[in-house]
Amino acid sequence: MRVVVTGATGNVGTAVVDALTTTPAVTSVLGVARRKPDRGLAGVDWVGADVRDADLVSLFRGADAVVHLAWVFQPTHRPLDTWHTNVDGTERVLAAVAEAEVPALIYASSVGAYAPREDDEPVTESWPTEGWPAAAYMAEKSYVERLLDIFERDNPDIRVVRMRPAFTFQYDSASEQRRLFAGPLLPNRLIRPGVLPVLPYPWGMRFQALHSSDVGRAYALAVTKQVRGAFNLAADDVIDRDAITRILRTRTFPVPPRAVKAALTVGWWLRLVPATPELFAAMMHLPLLDTTRARTELGWTPRISAADALTEVLHGFGDGAGGDTPPLAADAGGTLRYREFASGVGGHDPVDQLTRHAHR
C-alpha cells in the first residue's frame, strides 16, 4: 500500500508515520508538511507543502489511502487564519482525494467535535457532532464533520474513516503543547510532578486521554482494514481531580470553573496565554467516549493508560522535551522563547515564524 499523510510532523502525525512504517502491508509512506524535518525517517518520503495551496491531486494520485491530519491551533486571535487551514484546507483535501480517485480517506476528527454532555455516561459514535460553537477548534471540527457527510454522500465508493480521539500526549510533544496551550510565561519545571505544593482544580473537570503511539496504531489499523465510519479512541481510565492529585503528587482544592474562565479571559485578551477561555469552557462539557467499536471492529486496545500518558508529557514539560520535527522542536519558540513573545501569544504561530526565518 502507498499511504499519504498530511500534517505528518505533529504530535499525532509522527506517531502515525511511525506506526505505518512498521505495518507490513504499507510499502510506501509520503509525509506532507509545511516544513519538512531536517532528518529523514527510514521508509518515508517527505514533501514540503501546505494544504491551503499545494497541488494535492498530484501528491495523492496513485495512493491507496490518504490520512488527513493537517490542522492548526494557532493563531487564536486570528480565527480566519485557522479556518482557512482547517476548513478550507480540508475542503481542498477532499476534492483532491475524489479527483485522484484515492480509495480510502482517514480523517483526524476529535472528541471536540461532539456536542456537550453533562453526565459521565460514555457516548458512542452516534452522539451528535455539534461541538461547542463558541470555541473555534470545536466549531471547525464540527463543520468538517458536515463536509464529510456531503463527501460520503457524493463519493460512496471511497472508504471514509473518522477518528475521534481524546487528548493525546507523548514525551516529545511537551514543548509543542506548552507553546500551543500554556504560552511562554509558564516555567518548565513548575509542571514537573512533585514540584507544586498545592493546585487549584476546577469543579467537575474530568477528561480522557491516551498516548500518541496508541493513536498511531489505531490509524494504521484503519488504513489496512476495510472499515468505515467513526471510531472513538481513549484509554480506559479517566483523568479527574483524584488522578491529578496522584500524578502531580500535590494537594488540590476545588475552584469554580467560572473563576478559571474569567482568569483565562483576562490572560487571553492581555496576550499572556494563547488558549482561549472558550476552549476551557468546552473542555468542561466534553463527553466521555465509549471505545467499544474501535476494540471490536478495528481490533484496537490501548497499551498505555491515560495517567501514564499524562505523566509522560508532564515529565517532558519539566525537561523542556521536544521532537525531531519543526512543530515538536524544543527550540521552536526561540532562545528565551522570544519567537513566542514576538508572535503576540496567539497572534501568529511561532513555528510559522521559524519557517519564514529558515527560508530567508
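Points worth noting:
So that you can scan it fast, the table gives a plain yes or no per residue for (1) buried (at least 19 other Cβ atoms within 10 Å of the Cβ); (2) at pLDDT below 95; (3) under 29 Å from Gly333 (Cβ atoms):
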{"position": "Gly7", "(1), (2), (3)": "yes, no, yes"}
{"position": "Asp38", "(1), (2), (3)": "no, yes, yes"}
{"position": "Arg52", "(1), (2), (3)": "no, no, yes"}
{"position": "Trp71", "(1), (2), (3)": "yes, no, yes"}
{"position": "Gln74", "(1), (2), (3)": "yes, yes, yes"}
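Here's the yes/no breakdown for (1) in contact with a helix residue (DSSP H, G or I) (Cβ under 8 Å, 6 or more places away or on another chain); (2) crowded, with 21+ Cβ neighbours inside 10 Å; (3) of a type in the set (Ser, Thr, Tyr); (4) assigned to a helix (DSSP H, G or I):
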residue	(1), (2), (3), (4)
Thr245	no, no, yes, yes
Thr252	yes, no, yes, no
Val260	yes, no, no, yes
Arg293	no, no, no, yes
Glu297	no, no, no, yes
Glu312	yes, no, no, yes
Gly316	yes, yes, no, yes
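- Any pair with Cβ under 6 angstrom, 6 or more apart, that starts in the range 262-283 at a residue that is more than 23 Å from Gly333 (Cβ to Cβ) and ends at one that is open to solvent by 50 Å² or more (accessible area, probe 1.4 Å): Glu278/Ala134; Ala281/Lys261; Ala282/Trp132
- Test: residue in the range 334-343 that is part of a loop (DSSP other than H, G, I, E, B) and touching a residue at least 40 places away in the same chain (Cβ under 8 Å): yes
- Scoring Thr14 on the criteria (1) touching a residue at least 24 places away in the same chain (Cβ under 8 Å); (2) part of a loop (DSSP other than H, G, I, E, B); (3) open to solvent by 20 Å² or more (accessible area, probe 1.4 Å); (4) closer than 24 Å to Gln170 by Cα leaves a single failure, condition (2).
- Restricting attention to the range 200-246, the residues that are within 22 Å of the chain's Cα centre (by Cα), more than 22 Å from Ala108 (Cα to Cα) and of a type in the set (Val, Ile, Thr) add up to 2.
- Screening the range 177-216 for residues that are in contact with a Gly (Cβ under 7 Å, 6 or more places away or on another chain) and surrounded by 19 or more Cβ atoms within 10 Å (Cβ to Cβ) and picking the one that is modelled with the lowest pLDDT gives Ile191.
- Failed item, numbered, when Thr82 is tested on (1) over 30 Å from Asp236 (Cβ atoms); (2) touching a Gly at 6+ places or on another chain (Cβ under 9 Å): (2)
Conditions tested, residue by residue: (1) among the acidic types (Asp, Glu); (2) at pLDDT 95 or above; (3) in contact with a strand residue (DSSP E or B) (Cβ under 9 Å, 6 or more places away or on another chain).
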| position | (1), (2), (3) |
| --- | --- |
| Arg251 | no, yes, yes |
| Trp268 | no, yes, no |
| Arg295 | no, yes, no |
| Ile304 | no, yes, yes |
| Ala309 | no, yes, yes |
| Gly318 | no, no, no |
| Gly322 | no, yes, no |
| His348 | no, no, no |
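The values are calculated or read from the model by the stated rules, or taken from the named source; none is laboratory data. Source: prediction; values computed, not measured. Using ideal geometry, Cβ is built from the backbone for each residue, glycine included, and neighbour counts are taken over all protein chains shown. Ligands, DNA and RNA are excluded from the accessible area calculation, which covers all protein heavy atoms including side chains. Shrake-Rupley method; radii C 1.70, N 1.55, O 1.52, S 1.80 Å.
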